[in-house]
Amino acid sequence: MPERFRGELLTMARYTNPAFTFPSGSSYIAGTILNRHRVPKPAPDEDQFYRADDLNIGVELNLHSRVVKLVNCDDFTRNFLQKIGVRLNPPIQIPADPYSCERKAVSVTL
């Protein structure tokens, strides 16, 4: 089965300084995937950068050719986004990861 999807839990920290409008220190088990910098949007909007008001629960972001789906946020982020006028969607269930499900099924049969 070709791998097209792998679920990884990410922790994203965002600095509230307007000069850095995107999460910083975003990391997962294999290491850091974002450093503190502005992240350009994918084509055809590559001349623009993601901003805080682009972040919302349920949104899929293309971060340097990696698609990240936001499923929830902490209270600080929730309050910050609401203060700048973002109407947050309710938290969503973490999507099932076909790779992990398949590995789990294989390990049970062994």
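Just so it is clear, none of the values below were taken in a lab; they were calculated from the coordinates. Quantities reported herein were computed from a predicted structural model and do not represent experimental measurements.
In straight-distance terms, cross-link reach from residue 104 covers every one of the lysines whose alpha-carbon lies under 27 Å from its own, apart from those fewer than eight places away in the same chain; here that gives 69. Across all directions, the average projected area of the convex hull around the alpha carbons of the stretch 31-110 is 7.6 nm².
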